[in-house]
Amino acid sequence: MKKLISVLLSATLLIPLSSCRKGSVTVSGTTAEADRTDTAALVNHMTDDELAATEETDLMLLQRPWEDTGADDTDPYFESFSHKIAYEVWYVDDYISYYEEYTDEYTESERSAILSDIEENPEYYDQIIQGILVNGTRYYCIMPPYEYDGGAGEITFLHFDPETYDSTYSELSFGNYDELKDMLREELRLCVENGERDEVFEEQAYDDLVLFFDTLIAGQVEELPAGTLEDYTVYSYEHPAVSSDQQSMYWEFDEEQVRQIEDHIREFHFFDRELQKNYVIHVITPPSYDPDRSYGALVMTDAVWRFNDVYSLYTEMEQGRAEEKILVTIGQDYRIDPWDNEVRANEFCLNMREFLDFITDNMMPYLSEQYNIDTSVSCLFGHSQGGIFTHYAAFNSDLYENQPFSEYIIGSPAFWTPYFTDTEYFDGYKDEYGYFDRNDTFDKFLYLTGGTLEDADYEEYYGDNDSTLQGLSNLAERLDSHEVTSYVMRLYESNHYMYIPQMLIDYAEGVLN
């Protein structure tokens, strides 16, 4: 069982979480001032249907709209899962088929070793529970027994480290059903204590898992064939309004803090025709906002994690430690799980050009009509997969008439993530997407940032690709080779994401250089 779980956990993907502050310790690279010149007014390229769909609303964020699934019980596929108590069971042949089919995820030697192990130890790969379903909600934190009569038994419970996202498991033995329920309560409590989940998840999961075991004891749990829950997950992404797995669909923010600056926040909803997707955009004006003045904009992707930073940055401006800027966050539609890396990769890795089109030709020109934005001192920030995107955005900016940004923060770019390595864009990032074949000079300013401790966080995923810090270092070397001086690289004593709040404050205070 241990060997099997180790193999299964290898598919766990990077999910950055919000973080506490860490102090900076090192600065490396070249420091120089980029040319600061005013740019032409931005031209709005939105289509009529995009303009018609764009609207300003009340601050829906405070209403937590993701808690309303909008589930349509008339949807036949959703209906088939919404009242089902089941588990997905894999047998030896299922594992053989899986490792023979998914050749892109493993090297030939890795696949051969796994297939040999299956042949030599078939008992480890037979009647294995891959996940359970309780009335539409999927749980992967627990591997129950295939059969259970209410007496003694064993379960396996999975945990993850919220800082490194490494997964661990506990094989738990119990003497009777009451002991099992006590174990479930304790393991779920540990999830909350360790920061893996919140109290809402704890209560829902406990009730659902007890219901599952009650049904298992009664011999009424439905057995699902291999791949069923993956298909259901894909369906949930494609039809978010009927997805009932809501425990991760929340935005991180302190409601009291947001209410303190609520009068300075406007919420916009955009539709993008190219991506056939809606986005939630928040604009936060500075404390002494004057509509007749011009302000630089700090535009931040992954709004799901940025609202704690928004309040901190607002406070820095209010107390006079930071230059006043307009803050803009780009978020997923409230009906879409913003924590999921497959969802994030849609913009940051798979459809970078279309997402950059949206920001450059739709969102920023529209906001520039609402606010007096000084593009010559405006900045785009992205982290991890978002760092891949801001790197792409900087070195494809020359292909656009509109120039909404003069600065880009490339935070811990995960050039190694499988969501990027298998895309058409992967081969282009190491020569900056041909920018220097098209141009003799680079007129933007780059901030390359990362954590000195983060290479160990996701080491198992690097393979033959650069680690995060190697990717940053190699990018700096390439910039030097093209005699680009308009960049700095600053590393913080931190893991993959923990430095972001302090880094943004350093940027706002003008000390990131």
Working carefully through the options Phe381, Phe415, Phe405, find the one that is in a loop (DSSP other than H, G, I, E, B), of a type outside the set (A, V, I, L, M) and under 21 Å from Arg266 (Cβ atoms). Phe405
Per the filter on the range 432-459, residues more than 14 Å from Arg490 (Cα to Cα), of a type in the set (Ser, Thr, Tyr) and surrounded by 15 or more Cβ atoms within 10 Å (Cβ to Cβ) are Tyr433, Tyr435, Tyr458
Residue count, the range 469-506 (criterion: within 18 Å of Tyr408 (Cβ to Cβ), part of a loop (DSSP other than H, G, I, E, B) and of a type in the set (S, T, N, Q)): 2
Checking Glu369, Glu354, Glu342 in turn, the sole residue that is in a helix (DSSP H, G or I), over 26 Å from Gln502 (Cβ atoms), in the same structural domain as Leu491 (by TED's automatic domain parsing) and under 15 Å from the mean Cα position of the chain (by Cα) turns out to be Glu342
Here is a check on your reading of the model: is Ile326 crowded, with 21+ Cβ neighbours inside 10 Å, under 23 Å from Tyr250 (Cβ atoms) and touching a residue at least 40 places away in the same chain (Cβ under 8 Å)? no
Which is in contact with an Asp or Glu (Cβ under 6 Å, 6 or more places away or on another chain) and surrounded by fewer than 20 Cβ atoms within 10 Å (Cβ to Cβ), of Glu354, Glu318? Glu354
Could you tell me whether the range 236-245 includes any residue that is farther than 21 Å from Leu188 by Cα, under 19 Å from the mean Cα position of the chain (by Cα), at pLDDT 70 or above and loosely packed, with under 14 Cβ neighbours inside 10 Å? no
Given (1) within 30 Å of His496 (Cβ to Cβ); (2) outside the structural domain of Ala226 (by TED's automatic domain parsing), where does Ile142 come up short, assuming only one miss? (2)
Quick one: which residue in Ile128, Ile118, Ile132, Ile142 is of a type in the set (A, V, I, L, M, F, W, C), under 30 Å from Glu454 (Cα atoms) and in contact with a Phe, Trp or Tyr (Cβ under 7 Å, 6 or more places away or on another chain)? Ile142
Looking across the range 490-513 at residues that are touching a helix residue (DSSP H, G or I) at 6+ places or on another chain (Cβ under 8 Å) and farther than 19 Å from Asp457 by Cβ, the single one that is surrounded by the fewest Cβ atoms within 10 Å (Cβ to Cβ) is Glu509
Restricted to the range 358-394 and to residues being surrounded by fewer than 20 Cβ atoms within 10 Å (Cβ to Cβ) and out of contact with any strand residue (DSSP E or B) (no Cβ under 8 Å at 6 or more places or on another chain), the residue nearest to Gly471 (Cα to Cα) is Ser376
Within the range 67-86, identify whether any single residue is out of contact with any Leu (no Cβ under 9 Å at 6 or more places or on another chain), assigned to a helix (DSSP H, G or I) and modelled with pLDDT of 80 or more, and answer yes or no. no
Here are some residues: Tyr433, Tyr461. Which one is modelled with pLDDT under 95 and either more than 15 Å from Phe348 (Cβ to Cβ) or not basic (Lys, Arg) (or both)? Tyr461
Hey, Gln332 more than 20 Å from Ile359 (Cβ to Cβ), without any contact (Cβ under 8 Å) to a residue 60 or more places away in the chain and not basic (Lys, Arg) or not: no
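The values are calculated or read from the model by the stated rules, or taken from the named source; none is laboratory data. Just so we're clear, the structure is a prediction, and the values are computed from it rather than from any experiment. Every residue, glycine among them, receives a Cβ derived from its backbone with ideal geometry; neighbour counts consider all protein chains shown.
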